[in-house]
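One structure below.
The values are calculated or read from the model by the stated rules, or taken from the named source; none is laboratory data. Only a predicted model underlies this, so the values are computations on that prediction, with no experimental measurement involved. Glycine also receives a Cβ, built like all others from the backbone with ideal geometry; neighbour counts cover every protein chain displayed.
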Amino acid sequence: MNILREELAAIPRFLKQNYNEAVIISSATLFFILDRYHPIQNEWLSSLIYFALLPILVILFLRKNPLDFGLRLGNVRVWGFYVLVIILAAAAILYVSSYRRTLQDYYHINNFNLSGYFFTSLLSLSAQEFIYRGFLLFGLKEKFKEGAILIQMVPFALLHLAKPELETLSTIITGVLFGYVVYRGKSYWPALIIHLFINVFFISLINYR
């Protein structure tokens, strides 16, 4: 009985010691599930609500400043260098990858409109990058330090499972890379810039060829 009593007492003690991290990880998981099973109208609106608005409300609930979750510009001199190098390398990799039939079939869009795709991608990715590289990474940074980079990579990779295998496998690398750049640059903006470039450039290659 004493052992059982001690174990039961340890549960609230554990939650109290890890309160912020428990709230952030649990709420982020909930938002991923809600987006999967209860999408709102279209992808960009659903992303804005589940991956930006609701996480910001959680941040305010925790009595923290949303700007401290990667929304500041951070160290532009550091992350600007990474953005330039990664975009140049990504352009070459994406060009070669665009000849793969599986990717061509998956990403072909009838009546493709570049400006419309750019706008909707900007809205969707702004929110999606925030929950990974803003809410999760900066929310877990105090407790886990650099380990937060690896933690945020896991849901990022898992949410690509329905996409072509090559792309899903690549998210292990890009998830860590994006997280590292954000961590070093103290801002989520470089991940958004890189991710937006990758999406728009690759889709353009597929649909304008």
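Structure notes:
- Test: residue in segment 98-105 that is surrounded by 19 or more Cβ atoms within 10 Å (Cβ to Cβ) and at pLDDT below 95: yes
- Per-region count, segment 56-82, residues over 17 Å from the mean Cα position of the chain (by Cα) and of a type in the set (D, E, K, R): 3
- Among the residues listed as Gly70, Gly80, the single one being part of a loop (DSSP other than H, G, I, E, B), in contact (Cβ under 8 Å) with a residue 60 or more places away in the chain and in contact with a Gly (Cβ under 9 Å, 6 or more places away or on another chain): Gly70
- Of all residues in segment 169-209, those that are closer than 23 Å to Ala148 by Cα, crowded, with 16+ Cβ neighbours inside 10 Å and β-branched (Val, Ile, Thr) total 7.
- Against the test of being in contact with a helix residue (DSSP H, G or I) (Cβ under 8 Å, 6 or more places away or on another chain), surrounded by 16 or more Cβ atoms within 10 Å (Cβ to Cβ) and over 23 Å from Phe81 (Cα atoms), the options Leu166, Leu136 yield a single qualifying residue, Leu136.
- Within segment 96-113, being of a type outside the set (A, V, I, L, M, F, W, C) and without any contact (Cβ under 8 Å) to a residue 40 or more places away in the chain holds for Tyr99, Arg101, Asp105, Asn110, Asn111, Asn113.
- Taken over segment 176-209, residues that are small (Gly, Ala, Ser) and either under 12 Å from the mean Cα position of the chain (by Cα) or within 18 Å of Leu103 (Cα to Cα) (or both) amount to 3.
- Inside segment 83-116, residues that are among the basic types (Lys, Arg) and part of a helix (DSSP H, G or I) make up a count of 1.
- Where Gly134 falls short, out of the listed (1) touching a Gly at 6+ places or on another chain (Cβ under 7 Å); (2) without any contact (Cβ under 8 Å) to a residue 60 or more places away in the chain: (2)
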